[in-house]
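Participant: Can you keep this structure in mind? I'll have questions shortly.
Here, each number is a calculation from the coordinates, and none is a lab measurement. From a predicted model like this one, the values you see are computed outputs, not experimental measurements. Cβ atoms come from the backbone with ideal geometry, glycine included; neighbour counts cover every protein chain shown.
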């Protein structure tokens, strides 16, 4: 109608939303805050942490009379083929639009942490592998490919990436993190966000904030965080992804920080996220997080109280399905217990996002017919990222493989699922359908290595159980004794809530290898046959006493559907290893938390009997060649609002081409608060032919030396800053310093967050 301004696509979003809100009843506004899980799991089938005592949501036809905010995982809850899923989503959207008097459809969301999480879709490497690549451009390209596939299927929002910084490797969801350095997480995560958003798909930053800092590395446990660590470590990746990535959605953390659950924390979701960081998008709840305010945290006595807390804090949408933001919310608004302006605020944000997505306009239901969720171009991206993410930790010369008689043993030697993390469809969902295929071709290491070494005599003695049996050990030892070289494949089986050794709810008590894998490794090593350890894991494991006896060690973090060919190509020498550790590999099984970001008092010293030094440090990774560093140049000084130029030459000293990840670290030897001994300030990937060199230049703004001071304001202090450049956080051959001069500066939300790097070929 002519007087319905909200239908006029030429008007500003704010005017359209204000007009629409003015026409809505309380029930209709609340309807925009609800999600609905149309294909819910059956009893006992866990695809999310599910509270059992809140009852089932009302039928969809009843819910949609007042409108609906989101449709939950139409593709990702049960196996459907692309065309079937698209038809189902189209039918549901038609019902939603027809069911409310404004004809407004829902936002459809899906998981996409390792690709579009639906049956037959490409399975990409897990986020730890993204971090290991140190290649934000490739990660962004992957994200764009994932998002393009999702948009064609009618999906509007992806629940990724995870920007939690790795703090304790025992946490089951370590595989979902990008690494233990906030700058690495922020840069890689921002590239992923930008890749999604540039296609029109809404990226969702999670879990805001502090989830990975839980006590004892227990899933959903309280987070042990002070305000300075929260600001300088936990928060930094979110700031980067909001500003550089342009994310339009944020998801809350399950954890409480200092007794306040994130879903009920107004100072976090409104004061910090919106008022200080300027976020204007939509905050969606993690699944059942509102119900958990009552059921788990005990800060609400009813669904209505939970709704009041969450709405006031700044949660705009309840996911995955309506519980608290339905009738309990409406009743409390009508009674005056919840200000209607809180309801208007949240509904307005949801409607603004729908407007941005074209869901308030005619023609919103035009969706391409998807035919193939695993096309060659996406498999190619999965292969490239898998290849770049494999890390060669150690090598005494046995690699590349030249032996004629090779034994491949271990529990993951011939298991395609060894390539898959928790947030992949075959692991997350398809396990409930044992008769179902994986949906995409996923080679196992045995087949890939056989194809890679056609002239070798390959004997496969694959174990039957990731926890390892006596029979597994006996078979592996026998195969190793008869071989010139043994490849021993160890690691994790991803799962959910205790049904795996890695994944959501699969936390570890120690960092020892799962089950009897260490015993298996020691038995194989005792044969005297040179042994290559291949680790397919979702976290770093303690390898002291094992890695130092192995001929070589290769680490892959759940490398996806093309992981086995990538591993085999590196073992054979066809590919150059170029991955670097995004997390440190501990020496001892009790060496947690063991990230490299620690103060001097956390280092090895005579004051403690515990040596926390990593076996393989953050940033470490070998290649088939070696690199030399020379000619460090550092500007002598800059004002506290200026920029310092750091330049270095890196040269390929070997006879093979290779890629070096040149890493820049800073240190603040005298500061007003305790600072880490060093932190990653920037990096650059340089691929060099034998004998070739490149000049790598970093532009370091003074803001990259900032930290949260004693008064909890972020400051840049004048003084000396130390510089170190090299190939890992411990291998830093070139060192220098510069002085920051002038007054102390207090920074705002517009501070400089990144360090640009350029790579120029030289002689």
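Participant: Roughly how tilted is helix 303-313, in degrees to the nearest 10 and between 0 and 90, from the longest Cα axis of the chain?
Facilitator: 70 degrees
Participant: When the C-alpha atoms of region 306-377 are aligned to their principal axes, what extent does each axis show, in angstrom, from largest down?
Facilitator: Cα extents, longest axis first: 55, 26, 19 Å.
Participant: If you rank 171, 37, 364, 130 by fewest surrounding Cβ atoms within 10 Å, what's the result? Mind dumping the intermediate values first?
Facilitator: Values: 171 29, 37 21, 364 18, 130 32.
Going from sparsest to densest Cβ surroundings: 364, 37, 171, 130.
Participant: Test of understanding: express the Cα radius of gyration of region 619-726 as a ratio to 2.2 N^0.38 Å, with N the residue count. Please list the in-between numbers first.
Facilitator: Values: Rg = 16.1 Å, N = 108, 2.2 N^0.38 = 13.0 Å.
Scaled against compact globular proteins, the figure is 1.24.
Participant: Need the full-extension length gain, residue 697 to residue 600, defined as separation in residues times 0.36 nm minus the C-alpha distance. One decimal, nm. Don't skip to the end; give the middle numbers.
Facilitator: On the way: separation 97, 0.36 × 97 = 34.92 nm, distance 2.87 nm.
Value of the extension gain: 32.1 nm.
Participant: To the nearest whole percent, what portion of all C-alpha pairs in region 385-596 is separated by more than 26 angstrom? Before the final figure, lay out each step's value.
Facilitator: Working: 6205 of 22366 pairs.
The proportion of pairs with Cα distances above 26 Å equals 28 percent.
Participant: Tell me, what does the Kirkwood hydrodynamic radius of region 558-701 come to in angstroms if you use every pair of distinct C-alpha atoms?
Facilitator: On the way: mean 1/r = 0.0558 Å⁻¹.
It is 17.9 Å.
Participant: Something else about it: Quick one: grab the alpha carbon gyration tensor of region 213-283, order the square roots of its eigenvalues as a ≥ b ≥ c, and give me rounded if a/c is under 1.5, else prolate or oblate depending on whether a/b is larger than b/c. Present the calculation step by step, with values, prior to reporting the outcome.
Facilitator: Values: a/c = 1.85, a/b = 1.62, b/c = 1.14.
Since a/c reaches 1.5 and a/b is larger than b/c, the shape of region 213-283 is classed as prolate.
Participant: Figure the gain on full extension for residue 337 and residue 467 (residue separation times 0.36 nm, minus the Cα-Cα span) and round it to one decimal in nm. It would help to have the intermediate numbers written out before the result.
Facilitator: On the way: separation 130, 0.36 × 130 = 46.80 nm, distance 5.35 nm.
Length gained, residue 337 through residue 467: 41.4 nm.
Participant: Label-point separation (nm) for residue 84 and residue 741, each offset 7 Å from Cα along Cα-to-Cβ?
Facilitator: 7.1 nm
Participant: Separate question: Using a 7 Å offset from the Cα along the Cα-to-Cβ direction at both residue 218 and residue 713, what is the distance between the two label points in nm, to one decimal?
Facilitator: 4.0 nm
Participant: In addition: Relative to the longest principal Cα axis of the chain, at what angle does helix 470-481 sit, 0 to 90 degrees, rounded to 10?
Facilitator: Helix 470-481 sits at roughly 40 degrees to that axis.
Participant: Please list, short to long, the whole-number percent of alpha-carbon pairs of region 357-427 in consecutive 5 angstrom bins beginning at zero.
Facilitator: Each 5 Å bin holds this share of Cα pairs: 3, 9, 9, 16, 16, 13, 11, 7, 4, 3, 3, 3, 2, 0.
Participant: Summing -39500 (n - 2.57) over the DSSP H runs of n ≥ 4 in the chain and dividing by its residue number, what mean residue ellipticity at 222 nm do you reach, to the nearest 500 deg cm²/dmol?
Facilitator: Details: 18 runs with 185 residues, N = 763.
About -7000 deg cm²/dmol.
Participant: Okay, next question. Among rounded, prolate and oblate, which fits region 247-345 when a ≥ b ≥ c are the square roots of the eigenvalues of its C-alpha gyration tensor, a/c under 1.5 means rounded, and a/b larger than b/c means prolate?
Facilitator: Numbers: a/c = 1.56, a/b = 1.21, b/c = 1.29.
Oblate, because a/c is 1.5 or more while a/b does not exceed b/c.
Participant: Extending each Cα 7 Å along its Cβ direction at residue 760 and residue 522, get the distance between those two points in nm, one decimal.
Facilitator: Between residue 760 and residue 522, the simple spin-label model gives 5.6 nm.
Participant: Just want the ordering: 459, 708, 25, from fewest to most Cβ atoms lying within 10 Å of their own Cβ.
Facilitator: 25, 459, 708
Participant: Separate question: Provide the descending list of Cα extents for region 557-627 along its principal axes, expressed in whole angstroms.
Facilitator: For region 557-627, the Cα extents along the three principal axes come out at 48, 29, 17 Å.
Participant: In whole Å and largest first, what semi-axes does the C-alpha gyration tensor of the chain yield when each eigenvalue is scaled by 5 and square-rooted? Let's see the in-between values first.
Facilitator: Numbers: eigenvalues 367, 207, 112 Å².
Values for the chain, descending: 43, 32, 24 Å.
Participant: When the chain is fully extended, how far beyond the present Cα-Cα distance does residue 404 get from residue 95, taking 0.36 nm per residue of separation? Please list the in-between numbers first.
Facilitator: Numbers: separation 309, 0.36 × 309 = 111.24 nm, distance 6.34 nm.
Going from the current span to full extension adds 104.9 nm.
Participant: How far is helix 13-23 tilted off the main Cα axis of the chain, in degrees rounded to 10, range 0 to 90?
Facilitator: 40 degrees
Participant: Taking 8 Å as the Cα distance limit and 6 or more residues as the minimum spacing, I'd like the relative contact order of the chain as a percentage. Can you show the working numbers first?
Facilitator: Details: 1933 pairs, mean separation 95.9, N = 763.
Contact order relative to length: 13 percent.
Participant: What is the Cα radius of gyration of region 377-478 over 2.2 N^0.38 Å, N being its residue count? Intermediate results must be reported in sequence, preceding the final value.
Facilitator: Numbers: Rg = 15.7 Å, N = 102, 2.2 N^0.38 = 12.8 Å.
Cα Rg divided by the expected 2.2 N^0.38 Å: 1.23.
Participant: What FRET efficiency, computed as 1/(1 + (r/R0)^6) with R0 = 35 Å and r the Cβ-Cβ distance, is obtained for residue 451 and residue 369, rounded to the nearest 0.05? Could you put the intermediate results ahead of the total?
Facilitator: Numbers: r = 35 Å, r/R0 = 1.00.
The calculated FRET efficiency here is 0.50.
Participant: Quick one: order 584, 389, 608, 727 by neighbouring beta-carbon count within 10 Å, fewest to most.
Facilitator: Details: 584 28, 389 32, 608 11, 727 22.
Ranking 584, 389, 608, 727 by Cβ neighbours within 10 Å, fewest first, gives 608, 727, 584, 389.
Participant: I would also like to ask the following. Relative contact order for region 292-414: what percent, with Cα pairs under 8 Å and sequence separation of 6 or more?
Facilitator: On the way: 50 pairs, mean separation 18.4, N = 123.
The normalised contact order for region 292-414 reaches 15 percent.
Participant: Take the Cβ-Cβ distance between residue 356 and residue 672 as r, set R0 to 45 Å, and report the resulting FRET efficiency rounded to the nearest 0.05.
Facilitator: Working: r = 43 Å, r/R0 = 0.96.
Result of the calculation: an efficiency of 0.55.
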